[in-house]
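These notes concern the structure reproduced below.
The values are calculated or read from the model by the stated rules, or taken from the named source; none is laboratory data. None of these values were measured; they are calculated from a predicted model. Please note: Cβ atoms are built from the backbone with ideal geometry, for glycine as well, and neighbour counts cover all protein chains shown.
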Amino acid sequence: MPHKARVVVAGTGFAALREHLGRVLPGVPTEVIEPDVLRRDGTEASVLIPAMARIDGQIMDRIAGLRLIQQWGAGLEGVDLSAAAERHIAVANVPSAGTGNAESVAEWCVMAAIALSRRLPELEKNIRQGGTWGGPIGRGLGGRTGGILGLGGIGQALAVRLKPFGMHLAGLKLHAEPGLAERLGLEWIGSEENLKPFLERSEYLFLCLPLTPGTRNIIGEREIALLPSGACVINPARGGLISEDALVKALCTGHLSGAALDVFAEEPLDPHSRLLTTPGVIATPHIAGVTDVSYRDIARRVAENIMRLWSGSPPENRVV
């Protein structure tokens, strides 16, 4: 282990991260520091784990000896890749597929779809308040159409898990992949120019895209209006994919019957956010991919990249 080897995690959220990393990198000092404190006071470390913090050149300059920005998972939209390249700092991530992360997110999507369909928040409220038994009535998934926007690791894992419910499945993928529809059991698959017919058939819209300049606000007021009346929106990916104003409006007018959100435009979400008071919303704190299975494998892969860095080898899944 190199002299003064040290790992810093930007942000005190995702507390289990540090615990899992400690198991695979015993004896390596790992400290959790809020981004504002990093920006103000600086520190010394060879590896930075952003978690969900925004990492710009100013923060990079405040970490003496920084050689690797290693994401805990796949998303790197919060990291200024150009700034890292200018400073010759390597940036790497852990792809969702094959780590248990994609599978965990897909399981959350299934849970969310069932909870929305069976009106779980209302059911809980009803029984806790001593309401009438036998209601409110929910609806089944069988025979409904699930639209999976994005067919990467998460989207593919989701398709496999939705098929046994008897759902009709449609998918949208930016780049065609021969044989994918047949392999996943999709009845319809389109590309970017087919967004309109895709949305028109999606009674359950699952957002499984990364956040890029091209996908930011890909679902706005016009796109939501194309969804069937009573549709549900399920977003385990990134909050920036959908207009929260348009989502709230569609829920309040009844065009959408529900939305399950694990991610938000700004995180952590303000406890007073109108999303939390809008009827039909199920919200969770960015935990779709947070399970014992996914964290064990992500920790192992992050540790392997850190050890590769210290041994002089290039990290795997390097993007810069």
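Considering only segment 282-299, I want to know if a residue exists there that is farther than 19 Å from residue 72 by Cα, free of Cβ contacts under 8 Å to residues at least 60 places away in the same chain and out of contact with any Gly (no Cβ under 7 Å at 6 or more places or on another chain).
yes
Take segment 293-316 and flag every residue that is of a type outside the set (D, E, K, R), out of contact with any Lys or Arg (no Cβ under 8 Å at 6 or more places or on another chain) and either part of a loop (DSSP other than H, G, I, E, B) or under 20 Å from residue 30 (Cβ atoms) (or both).
Residues satisfying the conditions are 294, 295, 298, 302, 303, 305, 306, 307, 310, 311, 312, 313.
Given the criteria closer than 26 Å to residue 290 by Cβ, loosely packed, with under 13 Cβ neighbours inside 10 Å and either touching an Asp or Glu at 6+ places or on another chain (Cβ under 9 Å) or free of Cβ contacts under 8 Å to residues at least 60 places away in the same chain (or both), does residue 22 qualify?
Considered against the rule, which asks whether it is closer than 26 Å to residue 290 by Cβ, loosely packed, with under 13 Cβ neighbours inside 10 Å and either touching an Asp or Glu at 6+ places or on another chain (Cβ under 9 Å) or free of Cβ contacts under 8 Å to residues at least 60 places away in the same chain (or both), residue 22 comes out as no.
Would you mind listing the strands (runs of 3 or more DSSP E) fully within segment 1-84 where at least 1 residues are hydrophobic (A, V, I, L, M, F, W, C) and more than 26 Å from residue 269 (Cβ to Cβ)?
Here the list reads 7-10, 47-49, 68-70.
The conditions are (1) over 20 Å from residue 261 (Cα atoms); (2) aromatic (Phe, Trp, Tyr); (3) in a helix (DSSP H, G or I), and residue 133 fails exactly one of them. Which is it?
(3)
Results for (1) over 25 Å from residue 18 (Cα atoms); (2) of a type in the set (Ser, Thr, Tyr); (3) outside the structural domain of residue 21 (by TED's automatic domain parsing), shown as yes or no for each residue.
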| residue | (1), (2), (3) |
| --- | --- |
| 247 | yes, no, yes |
| 250 | yes, no, yes |
| 255 | yes, no, yes |
| 270 | no, no, yes |
| 306 | no, no, no |
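Inside segment 140-176, can you point out the residues that are among the charged types (D, E, K, R), more than 20 Å from residue 242 (Cα to Cα) and in contact with a strand residue (DSSP E or B) (Cβ under 9 Å, 6 or more places away or on another chain)?
Hits for segment 140-176 are 144, 163.
Checking residue 81 against (1) surrounded by fewer than 21 Cβ atoms within 10 Å (Cβ to Cβ); (2) closer than 22 Å to residue 213 by Cα; (3) modelled with pLDDT under 95, only one condition comes out false. Which one?
Among (1) surrounded by fewer than 21 Cβ atoms within 10 Å (Cβ to Cβ); (2) closer than 22 Å to residue 213 by Cα; (3) modelled with pLDDT under 95, the lone unmet condition for residue 81 is (3).
Report whether or not residue 181 is free of Cβ contacts under 8 Å to residues at least 24 places away in the same chain, assigned to a helix (DSSP H, G or I), in the same structural domain as residue 215 (by TED's automatic domain parsing) and among the small types (Gly, Ala, Ser).
Considered against the rule, which asks whether it is free of Cβ contacts under 8 Å to residues at least 24 places away in the same chain, assigned to a helix (DSSP H, G or I), in the same structural domain as residue 215 (by TED's automatic domain parsing) and among the small types (Gly, Ala, Ser), residue 181 comes out as yes.
Identify, by number, the condition in (1) surrounded by 14 or more Cβ atoms within 10 Å (Cβ to Cβ); (2) under 24 Å from residue 13 (Cβ atoms) that residue 219 doesn't meet.
(2)
Within segment 245-263, track down each residue that is out of contact with any Pro (no Cβ under 9 Å at 6 or more places or on another chain), buried (at least 20 other Cβ atoms within 10 Å of the Cβ) and free of Cβ contacts under 8 Å to residues at least 60 places away in the same chain.
247, 250, 256
Give the number of residues within segment 25-49 that are in contact (Cβ under 8 Å) with a residue 40 or more places away in the chain and closer than 14 Å to residue 63 by Cβ.
Looking only at that region, the number is 5.
Return the residue satisfying two criteria in turn: it lies in segment 120-144 and is touching a residue at least 60 places away in the same chain (Cβ under 8 Å) and under 21 Å from residue 285 (Cα atoms), and of such residues it is surrounded by the most Cβ atoms within 10 Å (Cβ to Cβ).
Applying the filter and picking the extreme gives 120.
Which of the residues spanning segment 124-141 are among the hydrophobic types (A, V, I, L, M, F, W, C) and modelled with pLDDT of 95 or more?
Residue satisfying the conditions is 141 alone.
Got at least one residue in segment 172-180 being crowded, with 19+ Cβ neighbours inside 10 Å and modelled with pLDDT under 95?
The answer is yes; a qualifying residue exists.
Filter segment 200-242 for residues that are among the small types (Gly, Ala, Ser) and under 27 Å from residue 268 (Cα atoms); which is nearest to the chain's Cα centre (by Cα)?
Within segment 200-242, the match that is nearest to the chain's Cα centre (by Cα) is 237.
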